[in-house]
Amino acid sequence: MFPRFIDFSNASAADLEALSDTCDVATFGLSGQSVHDETYRKAGKLDTSKFSAQFASVSADILEEIRERLVPEDQFGDRPSLHGELYKLNVYGMCTVTVN
């Protein structure tokens, strides 16, 4: 398959179908096992070696917003820092995409 660029704010059905077709099966953990059960979760995944993203959560200050709103202060009024890392791209169906 050749490289493609998908603008998710304006993706066509063909773009999303090509993305879905490119994905590997996404398994999930159940009782210490890696399980594939489409009746429970039908999803695909792309590891970071198979895609690149122009979105950087650190530069978008998202992690700082999360830290301020969700991470509790310690006894000295400080909050630990957070680190963001692009792990994989999960694709659920034809129109919902989540970046982990």
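Nothing in this text is a laboratory measurement; each read-out follows from the coordinates by a stated rule. Being a predicted model, the structure only gives us computed values, none of them experimental. Neighbour counts run over all protein chains shown; Cβ positions are idealised from the backbone, glycine included.
Legend: calculated FRET efficiency, Ala53 to Arg79, from the Cβ-Cβ distance at R0 = 25 Å, rounded to 0.05, equals 0.40. Taking R0 as 30 Å, what FRET efficiency do you get between Arg69 and Ala13 from their Cβ-Cβ distance, rounded to the nearest 0.05? Efficiency, from the Cβ-Cβ distance: 0.25. The label point for Arg4 and the one for Ser34, both projected 7 Å from the Cα toward the Cβ, are 2.5 nm apart.
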